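None of the figures in this text is laboratory data; all of them are computed from the coordinates on show. These numbers come from a predicted model, not from an experiment. Counting neighbours? That spans all protein chains shown, and the Cβs are built from the backbone with ideal geometry, glycine included.
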Amino acid sequence: MAKQPHIGITTSYKDGRQAVDHYYISAVEKAGGLPIIVPMLATQEAAKAFASLLDGLIITGGPGITKGLIGTLPEDLEPVDPVRDQSDTLMYHAMTDKPVFGICYGMQLACEALGGKVASTPTREYGRARCDIGSHADLFAGLPDHTEVWMSHGDQVSQVSDDFVP
């Protein structure tokens, strides 16, 4: 029997509490992975040790990214907690040669970590949107060419790093 891939899921952080939305866990299980909740980590050594246990990482969505942001966050969007930002950044860099899937804030964090730019949008976007599925490796195997997704955004990637794989 093939080993289930161990997929780390980053947690949100507010008022000293760490949490993860259950739909991330369910999605990893449904795809055949073993979800591993990643706690807030404070050192690169701890992040490397934790990353060694994983086959992939999901950096979940969250509040507004502030590090490297061009412009300001909308008034109704709180900034990401610095503890979460530090931990997610450490985990991102610790996942050398392993896949990282960033959702919303997670994708923006990955872009910024590679030298790209994130900018605030003139207006917030809410609602359903068409998502065209690319042909990137096995990550999207078995999915249709496009699907409908929920979005809620106040930031956008304004410049992609040469090292960024969308």
By average Cβ neighbour count within 10 Å, what is the ranking of 47-56, 83-92, 116-125 from highest down? 83-92, 47-56, 116-125
Which net charge results for the neighbourhood of Met95, defined as the other residues with beta-carbon distances under 15 angstrom from its beta-carbon, given Lys and Arg at +1 and Asp and Glu at -1? -3
Quick one: what are the phi-derived ³J(HN,Hα) couplings along segment 27-38, Karplus 6.51/-1.76/1.60 with θ = phi - 60°, whole Hz, x for glycine and proline? 5, 5, 4, 4, 7, x, x, 9, x, 10, 6, 8
Can you give the helix-only mean residue ellipticity at 222 nm for the chain, where every DSSP H stretch with n ≥ 4 adds -39500 (n - 2.57) and the sum goes over all residues, rounded to the nearest 500 deg cm²/dmol? -7000 deg cm²/dmol
Length gained if Asp162 through Ala2 is fully extended, taking 0.36 nm per residue and subtracting the Cα-Cα distance, is 54.1 nm
About the Cα centre of segment 1-114, how large is the charge dipole given +1 on each Lys and Arg Cβ and -1 on each Asp and Glu Cβ? Please answer in debye to the nearest 20. 380
Under the Karplus curve 6.51 cos²θ - 1.76 cosθ + 1.60, θ = phi - 60°, whole-Hz ³J(HN,Hα) for segment 109-118, x wherever Gly or Pro sits: 4, 4, 4, 5, 5, 8, x, x, 10, 10
Tell me the label-point distance for the pair Trp150, Ile103, using the 7 Å Cα-to-Cβ offset, in nm and rounded to one decimal. 1.0
5 Å is the cut-off here: which amide hydrogens, built 1.01 Å from N in the peptide plane, fall below it relative to Ile9, excluding neighbours closer than 5 in sequence? Ile36, Ile37, Val38, Ile58
Percent antiparallel among DSSP beta bridges confined to the chain, rounded to 5, stands at 50
XL table Lys3/Lys117; Lys30/Lys67; Lys30/Lys117; Lys14/Lys117; Cα-Cα > 29 Å flagged, in table order, is Lys3/Lys117; Lys30/Lys67; Lys30/Lys117
Using a basic spin-label model with each label point 7 Å from the Cα along Cα→Cβ, how many nm lie between Ala119 and Thr66? 2.2
Gyration tensor (alpha-carbon) shape descriptor, segment 7-166, a/c threshold 1.5: rounded
